1. Need pairs with beta-carbon distance below 7 Å; first residue closer than 12 Å to Glu3 by Cα and within region 120-147, second among the β-branched types (Val, Ile, Thr) and assigned to a helix (DSSP H, G or I); sequence gap 6+ or separate chains.
2. Tell me, which residue of region 96-146 that is surrounded by 12 or more Cβ atoms within 10 Å (Cβ to Cβ) and β-branched (Val, Ile, Thr) is farthest from Asp43 (Cα to Cα)?
3. For Cys72, all conditions in the list (1) loosely packed, with under 15 Cβ neighbours inside 10 Å; (2) of a type outside the set (Asp, Glu); (3) under 19 Å from Val147 (Cβ atoms) hold save one; what is the number of the exception?
4. Please go through region 147-182 and pick out each residue that is among the small types (Gly, Ala, Ser), part of a loop (DSSP other than H, G, I, E, B), over 25 Å from Ala65 (Cβ atoms) and touching a helix residue (DSSP H, G or I) at 6+ places or on another chain (Cβ under 9 Å).
5. Quick check: is even one residue across region 31-47 in contact (Cβ under 8 Å) with a residue 12 or more places away in the chain and under 19 Å from Glu130 (Cβ atoms)?
6. Ser197 is checked against (1) of a type outside the set (Phe, Trp, Tyr); (2) part of a loop (DSSP other than H, G, I, E, B); (3) touching a Leu at 6+ places or on another chain (Cβ under 8 Å); (4) at pLDDT below 95 and fails just one. What number does that condition carry?
7. Scanning region 47-64 for residues that are among the small types (Gly, Ala, Ser) and open to solvent by less than 10 Å² (accessible area, probe 1.4 Å), which turns out farthest from the chain's Cα centre (by Cα)?
8. Please find, among Glu80, Glu25, Glu44, the residue that is within 17 Å of the chain's Cα centre (by Cα), among the acidic types (Asp, Glu) and open to solvent by less than 40 Å² (accessible area, probe 1.4 Å).
Amino acid sequence: MSELLFIRHAETDMAGTFCGHSDPELNTRGRAQLGELINRLRDEEVGVVYTSDLRRAQTTAKAIAEAFDVRCHLRAALREINFGRWEGITWEEIERRDGVYARRWVAEYPRLTAPDGENYDDFERRVLDEVKFLSLQAEAAGYRVAVVTHAGVIRTVLCALHGCSEDSAWEQTRSYCSVVRHTSAVSGCVPTSEAKS
C-alpha cells in the first residue's frame with residue numbers, strides 16, 4: 001500500500017490563462033498560500049517530496065520539503081500538458097481567434113490537442129507512468145509522498161485512476177494548493193481524494 005498526496009502549486013500571475021509549459025514564478029498571493037498549505041499538511045507524515053520541474057511547482061514543493069525537513073526531487077514527467085499556441089492566453093482570446101476550433105475543443109475535451117500542443121494520449125501516458133513510478137517509490141520507502149504538480153496532472157489521476165467525471169475532477173482541482181489523496185494497492189486505487197480551497 002502506498003499513499004501519494006497530489007498538491008496543486010500555488011498561484012501565479014498567469015492565473016486565468018492557459019499555463020502549461022510556461023514557467024512563471026509564484027505571485028504575492030501564491031506565496032501567502034504556502035503558509036496556509038503547510039498548516040493544512042501539518043498532520044501528514046510526509047517522508048519525501050517530488051515535484052514538477054516548473055518554477056511554480058518547485059517553489060511550492062521546496063516550502064513543503066523545508067517544513068518537513070525532507071528531500072525534494074524534480075521530475076519533468078510531472079509537468080502540466082503543453083498548450084502550444086494557447087500558452088499564456090485566456091479562453092476569451094482563444095474564442096476570438098478561432099471560435100470554430102474552440103467549440104470543437106470543448107466538445108472533444110480532453111482528447112483534442114491544442115494547436116501545436118501536446119497530444120492528450122501522450123500526456124495521459126506520461127502522467128500514469130509517473131504515478132506508477134511514484135507509487136513504487138512510496139511503497140518501497142514505507143512513507144507518504146507529497147507530489148507537487150499541476151491541475152491537469154491531478155485531473156488525469158482522478159479520471160483515469162479514481163473514475164471521477166471531468167466535472168468532479170475539475171471541481172476538486174480548481175483551487176490553488178488543492179490536495180488530492182491517492183492510495184494504491186495490488187487491488188487497485190482507493191478513491192480517497194480530497195480538495196482543499
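1. Taking only residues 6 or more apart or on different chains, the pairs are Val131/Val157; Ala146/Ile64.
2. Among them, the one singled out is Thr113.
3. (1)
4. Once the filter is applied, which keeps residues that are among the small types (Gly, Ala, Ser), part of a loop (DSSP other than H, G, I, E, B), over 25 Å from Ala65 (Cβ atoms) and touching a helix residue (DSSP H, G or I) at 6+ places or on another chain (Cβ under 9 Å), region 147-182 yields only Ser165.
5. Checking region 31-47: at least one residue is in contact (Cβ under 8 Å) with a residue 12 or more places away in the chain and under 19 Å from Glu130 (Cβ atoms).
6. (3)
7. Here the answer is Ala61.
8. Glu80 is the lone residue from the list that is within 17 Å of the chain's Cα centre (by Cα), among the acidic types (Asp, Glu) and open to solvent by less than 40 Å² (accessible area, probe 1.4 Å).
The values are calculated or read from the model by the stated rules, or taken from the named source; none is laboratory data. This structure is a prediction, so every number in the text was calculated from the model and none was measured. Reconstructed Cβ throughout: ideal geometry from the backbone, glycine too, with neighbour counts over all protein chains shown. Accessible surface is based on the protein model in full, side chains and every heavy atom, while ligands, DNA and RNA are left aside. Shrake-Rupley method; radii C 1.70, N 1.55, O 1.52, S 1.80 Å.
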